[in-house]
Amino acid sequence: MENKKAPQEKESFFQSIIASLFKSSNPDVEKKRRLKLIAKNIAKTKYHSFYRAASGEMLAPFGKLIFDLYKMISPAQMMFRNAQNPALFKRQIINYVMSEQQLAMLEDLDEQKILELAKNVPMAKLQQDIEHKLQVFTNEITETKAGNADGIMKAFTCFQDFCNFDYYMILKKFDSTYKEFSFNAMPRLEKVNAEYVIDDMKDFLSVAYSITDDSIDWNSLFEMFKATQSRELVSLGNWKKIVAKIKNIQLSKSLDLIVQHICEDPSYETKLSYRYESIIEPFIDKLENDTHTLLSKISTEQKESKASSICMQIFGTASPKSLKYYVPEFNAPLEKKDLSILEYTEPLNYFKTFLVEFVKKTIREYYDVVVIRGQWDATLSAPMSNAYQELLKLSDEITNFDEMMSEDGMMGSKIKTLLPKTAHDAGAENIINRVVSDANDSARGYIIQGTQNLITIGKTVKQLIEDYALPKPVIVQNWKELDKFFETPLKEFSVNLYKKIYLFVQLMQTYIS
């Protein structure tokens, strides 16, 4: 029995020798072989004193490396940590590459500057001037200038990530008594279980290896720092020493091998944490969007302010309301679902109120006396007469249109029925948007048609006021006879009538121009 076993034992002995020399088909055996090889390679590197493979411990020299780096970058880390507005650094880079003319234009495009101008400059001119400055500003940004900014931003991102790394947390693991930003004496660095710091090491390498990129222009970054910062964060000389040190460590593969050995993963590779982003293009896009949004906001506010003022003069209230269904409240459920909304609720309500309270009362009184009783050529009075009749007809049409927007009306019921279906039916959304669009087209049509008729009446009233003032009237022959039908003197009545028509036409034109 013993003789039969001997050849197997001998064969097993030779197999183990072969396995130690060549790769094994057994994954676990192969992994152990590679880890042993990694441990031997660590011992041959320049930085073997960082790690003791036999006991799996990180040693004091690695802690000293971290301390030395921490000491050199601490002013920058402190500044980044205390920065109230991190976006400030990005803006400093942009300003740094801009010309004097561009910086002056940026000041002109500042929100507060535009708001100040809006108080005295007509909206149309303000928009024209701002658009011109935006165009000139963007045209001056050459590819070279954008490339310089992106290059500095790339360097800044790597610099900031490296400086913001939590060196203190690693040092605390080597010396539990160490206090943050204490550099007067070397910490009492003790060896630590490598598994205790492995995650910190991986994070460190991911930011450290980013700064070794040969395409980074550190000189440009530090020139920018010199021009924009009141103090030196890290001297360029010290920074280049740091980069050289990290590059030396990277080329030696010391820390890569150490990480592989600690986490028992021979295939582990450091992943860079570098976050590259273009800086100029997003800045221009934001500048244009913010400026256009601001101009739109100013325009809306001016329109609302003007509308409120005119409404107060005409109606005695800032927001007259005569419609029941084509109103702002109709939009709430549409906005929640991001659908099209009714766009002319305010002006159509103003128009209907004007028709009811002014056209059917004041203009009717003037019409009944001056047009019906006045002795003047029918061809001259016809335009005003037709415009007046059209306005009365329009008032009824708007009322019918408003009813169509009710829950029982043709448009309103369709929207009400389809709204619950929009969550799962794109077709329902399309139909609602089309119905709302049709409603807006109708509302705009009523406003345009009605405004044109009011302009016709206003022009005729102006001619009649001038005719009334003539010693020998040319248009109306019996002004004196017509005077007795008005409690207010006819001239005063006519002037007030014309003023209100003029004001209201101005109001409507702000919505349809």
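The values are calculated or read from the model by the stated rules, or taken from the named source; none is laboratory data. Given the structure is predicted, the values throughout are model-derived calculations rather than measurements. Reconstructed Cβ throughout: ideal geometry from the backbone, glycine too, with neighbour counts over all protein chains shown. Surface areas here come from the heavy atoms of the whole protein model, side chains and all, with no ligands, DNA or RNA. Shrake-Rupley method; radii C 1.70, N 1.55, O 1.52, S 1.80 Å.
Okay, here's what the table says:
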read-out	value
When residues of the stretch 164-177 are limited to those that are farther than 13 Å from Phe62 by Cα and in contact (Cβ under 8 Å) with a residue 12 or more places away in the chain, the one least open to solvent (accessible area, probe 1.4 Å)	Phe165
Some residue of the stretch 67-89 being within 44 Å of the chain's Cα centre (by Cα), of a type outside the set (Phe, Trp, Tyr), within 22 Å of Asn193 (Cα to Cα) and surrounded by 13 or more Cβ atoms within 10 Å (Cβ to Cβ)	yes
Residue, most open to solvent (accessible area, probe 1.4 Å), within the stretch 196-233, restricted to residues that are within 15 Å of Phe50 (Cβ to Cβ) and not basic (Lys, Arg)	Tyr196
Test: Phe137 is in contact (Cβ under 8 Å) with a residue 24 or more places away in the chain, among the hydrophobic types (A, V, I, L, M, F, W, C) and either farther than 30 Å from Glu264 by Cα or touching a Ser or Thr at 6+ places or on another chain (Cβ under 8 Å) (or both)	yes
Scan of the stretch 262-273 for residues that are of a type in the set (D, E, K, R) and open to solvent by less than 80 Å² (accessible area, probe 1.4 Å), ordered by number	Asp265
Breaking point among (1) part of a helix (DSSP H, G or I); (2) in contact with a Leu (Cβ under 8 Å, 6 or more places away or on another chain); (3) over 30 Å from Asp214 (Cβ atoms), for Gln135	(2)
Number of the condition not met by Glu180 [criteria: (1) of a type in the set (Asp, Glu); (2) without any contact (Cβ under 8 Å) to a residue 60 or more places away in the chain; (3) part of a helix (DSSP H, G or I)]	(3)
Helices (runs of 4 or more DSSP H) contained entirely in the stretch 69-127, each with at least 2 residues that are free of Cβ contacts under 8 Å to residues at least 60 places away in the same chain and charged (D, E, K, R)	100-108, 111-118
The stretch 269-308: number of residues that are farther than 18 Å from Glu107 by Cα and either among the aliphatic types (A, V, I, L, M) or outside any loop (DSSP other than H, G, I, E, B) (or both)	17
Top-ranked residue in the stretch 497-513 [being of a type in the set (S, T, N, Q) and in contact with a helix residue (DSSP H, G or I) (Cβ under 8 Å, 6 or more places away or on another chain); ranked as surrounded by the most Cβ atoms within 10 Å (Cβ to Cβ)]	Thr510
Checklist (1) within 27 Å of Lys253 (Cβ to Cβ); (2) open to solvent by 60 Å² or more (accessible area, probe 1.4 Å); (3) modelled with pLDDT under 90 applied to Glu30, failing item	(2)
Which numbered condition Asn478 misses (of (1) surrounded by 14 or more Cβ atoms within 10 Å (Cβ to Cβ); (2) touching a residue at least 60 places away in the same chain (Cβ under 8 Å))	(1)
Count - residues of the stretch 274-325 that are within 20 Å of the chain's Cα centre (by Cα), farther than 30 Å from Lys145 by Cβ and either crowded, with 17+ Cβ neighbours inside 10 Å or without any contact (Cβ under 8 Å) to a residue 60 or more places away in the chain (or both)	3
Residues satisfying the stated conditions in the stretch 244-255, i.e. assigned to a helix (DSSP H, G or I) and surrounded by fewer than 18 Cβ atoms within 10 Å (Cβ to Cβ)	Ala244, Lys245, Lys247, Asn248, Gln250, Leu251, Ser252
Matching residues, the stretch 465-487, being within 13 Å of Arg373 (Cβ to Cβ) and not polar (S, T, N, Q)	Val476, Trp479, Lys480, Glu481, Leu482, Asp483, Lys484, Phe485, Phe486
Condition check for Ala155: in contact (Cβ under 8 Å) with a residue 24 or more places away in the chain, within 30 Å of Ile284 (Cβ to Cβ) and either open to solvent by less than 10 Å² (accessible area, probe 1.4 Å) or touching a helix residue (DSSP H, G or I) at 6+ places or on another chain (Cβ under 8 Å) (or both)	yes
Among (1) under 24 Å from the mean Cα position of the chain (by Cα); (2) buried (at least 18 other Cβ atoms within 10 Å of the Cβ) - the single one Gly147 does not satisfy	(2)
Failed item, numbered, when Pro333 is tested on (1) of a type outside the set (Gly, Ala, Ser); (2) assigned to a loop (DSSP other than H, G, I, E, B); (3) under 27 Å from the mean Cα position of the chain (by Cα)	(2)
Number of positions in the stretch 109-130 that are more than 25 Å from Met153 (Cβ to Cβ) and surrounded by 14 or more Cβ atoms within 10 Å (Cβ to Cβ)	9
